[in-house]
Amino acid sequence: MSAETAIRPLGVEAVTRGRIRRTARRGAVVAVLAVLIAAVFATSLMVGRTFYPPADVVAVILGEQVPGASFTVGTLRLPRAVLAVAAGLCFGIGGVTFQTMLRNPLASPDIIGISSGASAAAAFAIVVLSLGRTGVSAVAITAGLAVALLIYALAFRGGVAGTRLILIGIGIAAMLDSLTSYVLSQAAEWDLQEAMRWLTGSLNGSTWTETVPVLLALAVLAPLLLSQARNLSAMQLGDDTASALGVRVERTRVIVIVAAVGLIAFATAAAGPIAFVAFLSGPIAARIVGPGGSLLVPSALVGALLVLVADLAGQYAFGTRFPVGVVTGVLGAPYLVYLIVRTNRAGGSL
Amino acid sequence: MAVTRPAPDAGAARRPVRARSLWLLLALAVLAAAMLASVAWGSRIVGLADVAAALGGADETIEQAAVTKRVPRTLLAVLVGAALGLSGAVMQGVTRNPLADPGILGVNMGASLAVVCGMVFFGLTSPSGYIWVAIGGAAAAAVFVYTVGSLGRGGATPLKLALAGAATSAAFSSLVTAVVMPRNDVAGSFRMWQIGGVGGASFDGVVRVLPFLAVGLVLSLMSARALNSLALGDDLAAGLGERVALVRATAGLGAVLLCGAATAAAGPIMFVGLVVPHMCRLLIGVDHRWLLPFSALLGAALLTVADVVGRVVARPAEVEVGIVTALIGAPVFIYIVRRQKVRAL
C-alpha cells in the first residue's frame, strides 16, 4: 500500500494529488499491457514451425495472397491468436467481476461452478448428442447461464450473502464435475480428444467459426459490464453502504452476473475452461495497478496476455504440444496456493 | 462465517440409550438389506434361493456365479463406505466444522495426484503400492488445506476451509491433467480409477486395505470421548484435561488413514463423509461415542445402496458409485449451507 493512502490530516489537494497519481499509474499499466499484448500477438503470427517475416504477415492480414503464408498465417495462426486474445479478455474481465462482487479473490467462476456447468454440458453435447461445433457452443452457453442462475436462486434468501453463494457454488461444481467424468467415461476414443478440451481448455484447431461469436459477445457484454463498474466499486464497501450511496444493489448484481457469466460462457464454449485465467487475472492486475479504481480493464488485459503467452509456450516450449489450459494450470497452481495463504492471512479482500 | 452448530443440548445428550439402541438395530438391518440387495441385484437379478446356494459355495449356474462375483465388491463397498462415513465424522469433529469432508477439503485430490505421480514417475502398477502413496498424498493435502484454511482471523471457518479445499483441488487436478495428458497408456487406467468405483474388487484388494482401515478405525474410536470435549472449544477442552493438539493429531491421522485407504481402493468418492454424519446427528445426537460407530454403519449402508442403484439404473451398463454419491450428496450439501445462518464476509 503506497504512502499517500495512509491517513494523514492533509488538505483536499493532497487527496487530489493522490488520485491523479493513481490514475496515471493505472493508465501507464494499461498502456504497457496493451503494447505487450500487441507484441506477443505479432510474434505468435510470425513464429511457428515456419517463420514468416512481418511484411508477409501484414500482407496476409491486408488480404493479399502470399504463397504458403496465406494458409499458415491466415487460416491457422490468425484465428487462433485472435481467439486467444478474445477468450483471455472474457476470462479476465468475468473473473475479476465475480471476485470484486463477492469480495473474495478465491470466488472466481472456475471455483464456484459456472465453468463446470459449461464444461459438463459441452461434454454431454459432444459425447451423447454428437453435436457439431456450433451446437456444442450453444449448449455450453445456455448451461453456463442456467447454472449461474441456479446458484443465484439457491443462494437467495431475502438478498444474497456472498458466502452462501460461494459455498453453494462449490457444491454444484462438485456435482457437475462428477457428471463430466461420467460422460467422459462413456466416451468413445475419438470423442475423448475433443471432450478433454472441455476439461482443460485448448485453442487447437480454432477457426473463425468459434472466434466470431466470442468477439460479438465481447462487443455487447463488455460495455454493459464496464457501465456498472462504478456501482460495483461502491458495492465493495458492503451492500448496506452501497444502498445508502444510491446503488440498487440487487439490480446491479443481476446485470453484472448475467454479463460476466455470458462472457465466461462464450469464451468457454469456444476454447474450453482455460484453467485459472479467470482466477488469476484479477489478483495479478490488483498487484500491478495498486489500490483504488476499477480493475475491470487491467484484469481483462492481463487475462489476454496470460492466454497468448501460455498458448505460445504450450505449442513450442516443450517436447509435446500441450493445450493452453495445461500450461496455465501448471503455472497457475503454485501462484494460487500462494494467493490462498496470503488472502487468508490478510483477511480476504482483493 | 459464524459456525452455528447445535450446542450439545442436555436433551440430546441424555437421549435414552434404548432409543439409540433401536436406531442402531435399524441401521444394522438396513445395512444387511443393502448387502443382500448388492449380491442379488445387478445387470442380472438373482433369486433368493440362488443367493443362498451361492453363498453356501455352489457355482453351477450363471446366477450363482454372478453372486460369487458380487461378494468381494459388496464387501469393498461396505468397507469403503464405513471408512468414509467415519472419517467424515472425525474430520467434522476435529475441525469443528460442519462442512468438513474428504472430497470438499481436497484430501481426495491429494491422493489422486500422489497416485498419478506414482504411476507415471515411479512405475507403480500394483494396487498395494497405490495404498501407501495415496495415504501419503491424502495426509499431505489434509495438513496443507487445514493449515492454509486456519490462517488469519477467526481460525478455520467453514468458508475458508471450503475455499482452500476447492482451490487446492483445482490446482491438484490441473497438475494431474498436465501429468496424464501426454501419456495415453496411463490416461485410460487413471480415468477409470478417478471416477471411483468398486466394480473391479477382488478378495485380495479387500484384504489389502483391511490393516489400514483397522488402524484408522481404532485411532478414530479411541478419540471419541476427547472429540466430545473438543466440541466445547479448545480452551474448555484443555480445562477438562484434554491434550488438544495430541487429540487433533491422533484423530486426524485416523481420519486420513481411513479416507486415504478408501480412496486407494475405490478412487475419490465425494460427499459420503459429509452427508452421513449430518444424518446421524439428526438421528442419535452429537455424542461422538455413538456418532462415530453410527456414521460408519450408515456410511457403509449408503455406499452399498449407491452401488446397487448405479448398477440398476443403467442396465446392463453401470454408473460408478462415486457419481451416484455426488448426485445424492450435492443437494444435501446445499441444504446444509442454506439452513445455516451465514453472515456476509
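The values are calculated or read from the model by the stated rules, or taken from the named source; none is laboratory data. The shown structure was predicted, so the numbers you read here are calculated from the model rather than taken from an experiment. With ideal geometry, Cβ positions are generated from the backbone for all residues, glycine too; neighbour counts draw on all protein chains shown.
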Whether any residue in the range B:248-266 is more than 12 Å from chain A (Cβ to nearest Cβ) and outside any helix (DSSP H, G or I) is what I want to check.
no
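Okay, residues lined up against (1) closer than 30 Å to B:Ala164 by Cβ; (2) in contact with a Lys or Arg (Cβ under 6 Å, 6 or more places away or on another chain); (3) surrounded by fewer than 20 Cβ atoms within 10 Å (Cβ to Cβ):
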site: B:Trp41; (1), (2), (3): no, no, yes
site: B:Gly56; (1), (2), (3): no, no, yes
site: B:Arg70; (1), (2), (3): no, no, no
site: B:Met91; (1), (2), (3): yes, no, no
site: B:Phe122; (1), (2), (3): yes, no, yes
Regarding the range A:251-265, can at least one residue be identified that is more than 21 Å from A:Val35 (Cβ to Cβ), within 14 Å of chain B (Cβ to nearest Cβ) and not in a helix (DSSP H, G or I)?
no
When residues of the range B:9-51 are limited to those that are polar (S, T, N, Q) and farther than 22 Å from B:Pro277 by Cβ, the one modelled with the highest pLDDT
B:Ser38
Conditions (1) out of contact with any Cys (no Cβ under 7 Å at 6 or more places or on another chain); (2) among the aromatic types (Phe, Trp, Tyr); (3) modelled with pLDDT of 85 or more; number of the one not met by B:Phe294
(1)
crowded, with 24+ Cβ neighbours inside 10 Å and among the hydroxyl-bearing types (Ser, Thr, Tyr): is that true of B:Thr177 in this structure?
no
The condition of being surrounded by 24 or more Cβ atoms within 10 Å (Cβ to Cβ), part of a helix (DSSP H, G or I), of a type outside the set (Gly, Ala, Ser) and at the interface with chain B (Cβ under 10 Å from one of its Cβ atoms) holds, among A:Ile111, A:Ile166, only for A:Ile166
Touching a Ser or Thr at 6+ places or on another chain (Cβ under 8 Å) and closer than 17 Å to A:Thr200 by Cα: which single residue out of A:Ala278, A:Ala285, A:Ala300 fits that description?
A:Ala278
Among the residues of the range A:59-87, count how many are in contact with an Asp or Glu (Cβ under 9 Å, 6 or more places away or on another chain) and in a helix (DSSP H, G or I).
8
Answer yes if at least one residue in the range B:128-139 is within 26 Å of B:Gly310 (Cα to Cα) and within 14 Å of another protein chain (Cβ to nearest Cβ), and no otherwise.
no
Looking at the range A:47-65, can you tell me whether even one residue there is surrounded by 12 or more Cβ atoms within 10 Å (Cβ to Cβ), closer than 23 Å to A:Tyr316 by Cβ, out of contact with any Phe, Trp or Tyr (no Cβ under 6 Å at 6 or more places or on another chain) and of a type in the set (S, T, N, Q)?
no
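So, in the range B:67-92, exactly how many residues are basic (Lys, Arg) and either modelled with pLDDT of 90 or more or in contact with a Phe, Trp or Tyr (Cβ under 6 Å, 6 or more places away or on another chain) (or both)?
So the answer is 0.
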Please state which one of A:Leu295, A:Leu245 is more than 14 Å from chain B (Cβ to nearest Cβ) and surrounded by fewer than 24 Cβ atoms within 10 Å (Cβ to Cβ).
A:Leu245
Filter the range A:239-293 for residues that are within 30 Å of A:Arg133 (Cα to Cα) and of a type in the set (S, T, N, Q); which is modelled with the lowest pLDDT?
A:Thr268
Scan of the range B:106-132 for residues that are without any contact (Cβ under 8 Å) to a residue 60 or more places away in the chain and in a helix (DSSP H, G or I), ordered by number:
B:Ala114, B:Gly118, B:Phe121, B:Gly129, B:Trp132
Among the residues of the range A:339-350, are any within 9 Å of chain B (Cβ to nearest Cβ) and within 13 Å of the chain's Cα centre (by Cα)?
no
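Taking the stated definitions as given, is A:Gly132 more than 30 Å from A:Ile255 (Cβ to Cβ) and either within 14 Å of chain B (Cβ to nearest Cβ) or modelled with pLDDT under 85 (or both)? I'd like the intermediate steps shown before the answer.
Values: more than 30 Å from A:Ile255 (Cβ to Cβ): yes; either within 14 Å of chain B (Cβ to nearest Cβ) or modelled with pLDDT under 85 (or both): yes.
The answer is yes for A:Gly132.
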In the range B:186-239, what count of residues is obtained for those that are modelled with pLDDT of 85 or more and not in a helix (DSSP H, G or I)?
1
Quick check, is B:Gly103 surrounded by 24 or more Cβ atoms within 10 Å (Cβ to Cβ), outside any helix (DSSP H, G or I) and not aromatic (Phe, Trp, Tyr)?
yes
When both residues are 6+ apart or on different chains and their Cβ atoms are under 8 Å apart, which pairs have a first residue that lies in the range A:55-70 and is within 17 Å of A:Phe41 (Cβ to Cβ) and touching a residue at least 12 places away in the same chain (Cβ under 8 Å), and a second that is outside any helix (DSSP H, G or I) and among the aliphatic types (A, V, I, L, M)?
A:Asp56/A:Val66; A:Val60/A:Val66
